[in-house]
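Data first, discussion second: the structure below is written as structure tokens.
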Amino acid sequence: FIAFCASLFIKPGADRRFEGMENPGYRSGSFDGLHHPSDDDDDDEMVDIAGATLDFSSTDDVPPLSTGYEDYSSSSRAAGMNGNGPSKLVDPLEDLVPGVGTYEDFNTIDWVREKSKDRDRHREITNKSRQSTVALLHSLCDAFSGWLLMLLVGLMSGALAGGIDIAAHWLSDLKGGVCLTDFWFNHEHCCWMSNETFQERDRCPEWQSWAELITGKSEGAFAYIMNYMMYIFWALLFSLLAVTLVRAFAPYACGSGIPEIKTILSGFIIRGYLGKWTLIIKTITLVLAVSSGLSLGKEGPLVHVACCCANILCHLFTKYRKNEAKRREVLSAAAAVGVSVAFGAPIGGVLFSLEEVSYYFPLKTLWRSFFAALVAAFTLRSINPFGNSRLVLFYVEFHAPWHLVELAPFVLLGIFGGLWGALFIRANIAWCRRRKSTRLGHYPVIEVLVVTAMTALLAFPNSYTRMSGAELISELFNDCSLLDSSQLCGYKQPANTTDTGVGNSLADRPAGENLYTALWQLALALIFKMLITVITFGMKVPSGLFIPSMAVGAIAGRLLGVGMEQLAYYHHDWVIFKGWCSQGADCITPGLYAMVGAAACLGGVTRMTVSLVVIMFELTGGLEYIVPLMAATMTSKWVADAFGREGIYEAHIRLNGYPFLEPKEEFEHSSLAVDVMRPRRSDPALAVLTQDGMTVGEVETLVESTHYSGFPVVVSQESQRLVGFVFRRDLLISIDNARKRQEGIVSTSQVFFSEHAPSQPPDAPPPLRLRGIMDLSPFTVTDHTPMDITVDIFRKLGLRQCLVTHNGRLLGIITKKDILKHMAQIANRDPDSILFN
């Protein structure tokens, strides 16, 4: 059955078309007048993605013009020349013209048209299924194809994520030394395989530092300097390889990817952003960037990797290859898969896609997202990259329950997370804007190397900054046990008690010298992480923000937790501790404070709420600590929203000028549609087509003299009664196709959009009927429609444009670009920062 479905849906040679986000169509610039760059062009050829100016005037991932089209055209012309019949009137509605209904790069899809196409396709399949058994099987395969695609996306993403985790762990440990028995083992696995006994948990005979290998000594100043230099060398090498590969092969592989994914899911097309080269380079450079020791994570980029997998696999299925709206449903599910494999949190991944990323998320997509996240999590668990037989990244097992009094410090951590989130967003956006507007942005390789060198120089002396972000968070979440040798568990053992608390946990004890040393190191690590993450996020290497934000919160939480623990130990007779914290009891769990602080800081930066809480308890296995997590997360969101409602991803979308209408943003201005529409009073009249009376030459002249993406069709220039709307691309492709296929079409041929051809003189050239490419039901609003309603229409229907009428007469047009410019003006921002339509 699966083989039968594959034969129906998988098109031979589809691997040659994996690269783009576009449907197979015509190369940009194939038709005269198809593109006229200008200051207000809706389809700019120069685009700034994540701070890198790239030229897309030539698109390598689009099939050439001759693909499929020349054969079709030449066979039609040959049939006409051989006298097989008179030249017929070609209608794009009846004779499908290749390229009609597709979109140019850096343009917005028409959600309504795409959904209508899918309904027509489904209706046709359903009707045919009643006629034959083969058609019925085809209908079943069509319904099954979506689940098959989700299965493939989950398997591919889970396998890639497992490989990334294993490789990143190995290369991170390579900065400190190498395993003598098997060099491909990381430090932990190398010591696991050791048959000899050793006292310190991180020192086994099979693992040797670079100083031991080169000088034969493991202690002393010279050995320390040698390890220091090798650490910096490997960090610079990894970061150099990462930024060079990104710059040379896939400029789209830099950054987090989530701002661009959100923009693509809202309907914008960035061809190549989810292509095969981006996937390959992002996978390789993500491992290198994480291993270099930079203050970044791999969780955000894994969402980009999963979406690349989904986009590539979509080309195997006609239903998704030829429909941009259906493809975005798959990409929404892929975003859930990315978080599922990043954290081992399938349910949190589905909620993350629903709350944070997706623009259109129907119930069917929810089910398929859940299935894909489940498959990806199962695949990752089968690979077992963490070596602990668990899916979660930071498994915790706290023995003491939390008390109601502790909600106060949890809320305090929420306040800290909100303040840190607001401060980080402002500082990072200011730095990224400086990078874009100064010469700093012209030297991305030097910038990455300088930041890497600074990070390595400052990180190595401090053991908490030297370790990777994931290891640091795991250390901070840890609850001290009897056999724990960590500095964070360096307490004094009271001489007058033998009580060891409950189970394997220890009672609250006074802090010892090792713990005080660890607290000073953590305080310095907190300052270092807060500063270095600001300049690291947004560089030209793959960089996620989840782990660095969680690390900042976990450090702050652990410091507060230890402070509360010592307060409870020395002042257990205070009112706030009476009745639940007696002397010698295990009252305060510092690891829980670290977990709550991590959630608070991540929530302050991203403004996630529900999905964040679910991700955190899936990430740690701490199901009973949902209330502290909820309290801290909501507090951080409220505090951060007081300084600005934008999260870090929305701020980067606005910085890069992506055409994204934020669904969460309220439109509170009292303007009307007539105040926003074009043309304005001082502008020239609106360029329109009439339903008859225009020639092919006049239409081509109008198109070539303007830069608009589409044209309203009216009854006549005098009446301005609206008939429909036609897209520029469809219009030019249809005219070009008619000149090649329909005999007698010349510049003087009449063009008509009406149902019946107008009367013509006997010697006139044959007319060209283009009613089939016209949208007969364009969305319209009256000139007195409030703009808040108009904005809601654009958001909920995903419109590209809306026509403005007065008593049925056309007055103007409002595009998404006009709305974004108007909203920027209201917010006292530069309206020209909006780059696209």
Item to check | Label zone at Val445 (point 7 Å along Cα-to-Cβ), backbone N below 12 Å, segment 242-286 | outcome: 242-249
Next on the checklist: Going by Cα centres, segment 327-381 and segment 815-832 are how many Å apart?
Outcome noted: 32
Checklist outcome for this item: The alpha-carbon pair-distance distribution computed for segment 369-473, with 10 angstrom bins and whole-percent values, is 11, 18, 29, 32, 10, 1
Next on the checklist: Longer than 18 Å from Cα to Cα, which of Lys540/Lys664; Lys326/Lys817; Lys115/Lys322; Lys326/Lys364; Lys637/Lys816; Lys117/Lys322 are they? Say none if no pair is.
Outcome noted: Lys540/Lys664; Lys326/Lys817; Lys637/Lys816
Item to check | FRET efficiency for Ala685 and Ala827, using Cβ-Cβ distance with R0 set to 45 Å, rounded to 0.05 | outcome: 0.90
Checklist entry - In nanometres, what is the gap between the two model label sites at Met193 and Lys217, each 7 Å from Cα along Cα-to-Cβ? => result 3.0
Next on the checklist: Using only the alpha carbons of segment 294-341, what is the convex hull's orientation-averaged projected area in square nanometres?
Outcome noted: 3.5
Next on the checklist: Counting just the Cα atoms, what span does segment 90-192 cover along each of its three principal axes? Round to the nearest Å and put the largest first.
Outcome noted: 73, 39, 21
Next on the checklist: Can you give me the Kirkwood hydrodynamic radius for segment 599-694, using every pair of distinct Cα atoms, in Å to one decimal?
Outcome noted: 17.3
Item to check | Quarter of Cα convex hull surface for segment 289-430, i.e. mean projection, nm² | outcome: 12.4
Checklist outcome for this item: Place a point 7 Å from the Cα of His756 in the direction of its beta carbon; the residues of segment 682-714 whose amide N falls under 18 Å from it are 691-693
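How large is Rg/Rh for segment 699-837, to two decimals, with Cα atoms and a Kirkwood Rh? Could the numbers behind the result be given before it?
On the way: Rg = 17.9 Å, Rh = 17.1 Å.
Value, to two decimals: 1.04.
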Checklist entry - Could you give the radius of gyration (one decimal) and Dmax (whole number) of the Cα atoms in segment 539-619, in Å? => result 16.1, 55
Item to check | Whole-angstrom gap from segment 623-679 to segment 439-474, using each part's C-alpha centre | outcome: 30
Next on the checklist: Please compute the length gained on full extension between Asp692 and Ile280, using 0.36 nm multiplied by the number of residues separating them and subtracting their Cα-Cα distance.
Outcome noted: 143.2 nm
Next on the checklist: Using the basic label-point model (7 angstrom from Cα toward the beta carbon), what is the His571 to Val627 distance in nanometres?
Outcome noted: 2.4
Checklist entry - Once the principal axes of the Cα atoms of segment 253-336 are found, what is the range along each, listed largest first in whole angstroms? => result 43, 22, 20
Checklist entry - Given H placed 1.01 Å from N in the peptide plane, which residues other than close sequence neighbours of Gln801 have an amide H under 5 Å from its amide H? => result none
Next on the checklist: Debye calculation, C-alpha points only, no solvent: report log10 I(q)/I(0) for segment 330-375 at q = 0.18 Å⁻¹, in the same order as the q values.
Outcome noted: -0.36
Checklist entry - Taking a temperature of 20 °C and a viscosity of 1.002 mPa s, what whole-number D in µm²/s does Stokes-Einstein yield for segment 206-356 with Rh from Kirkwood over alpha carbon pairs? => result 124
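Using Cα pairs closer than 8 Å and at least 6 residues apart in sequence, work out the relative contact order for segment 592-695, in percent.
24
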Checklist entry - Distance from the Cα centre of segment 217-265 to that of segment 713-751, in angstrom? => result 55
Item to check | Normalised per residue, the volume of the convex hull around the Cα set of segment 305-382 (Å³) | outcome: 80
Checklist outcome for this item: Expressed per residue, the solvent accessible area of segment 105-262 in Å² (1.4 Å probe) is about 50
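Using the per-residue mean of other Cβ atoms lying within 10 Å as a proxy for protection, in what order, highest first, do the peptides 461-472, 208-219, 588-599 fall?
588-599, 461-472, 208-219
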Item to check | For segment 705-775, diffusion coefficient by Stokes-Einstein and Kirkwood Rh (Cα), 4 °C, 1.567 mPa s, µm²/s | outcome: 98
Checklist outcome for this item: The extension gain from Leu140 to Leu776, computed as 0.36 nm times the residue separation minus the Cα-Cα distance, is 225.7 nm
Checklist entry - In nm, to one decimal, how far is the Asp783 label point from the Glu124 one, both placed 7 Å along Cα→Cβ? => result 4.2
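The values are calculated or read from the model by the stated rules, or taken from the named source; none is laboratory data. The shown structure was predicted, so the numbers you read here are calculated from the model rather than taken from an experiment. Reconstructed Cβ throughout: ideal geometry from the backbone, glycine too, with neighbour counts over all protein chains shown. The area values use the complete protein model at the heavy-atom level, side chains included, leaving out ligands, DNA and RNA. Shrake-Rupley method; radii C 1.70, N 1.55, O 1.52, S 1.80 Å.
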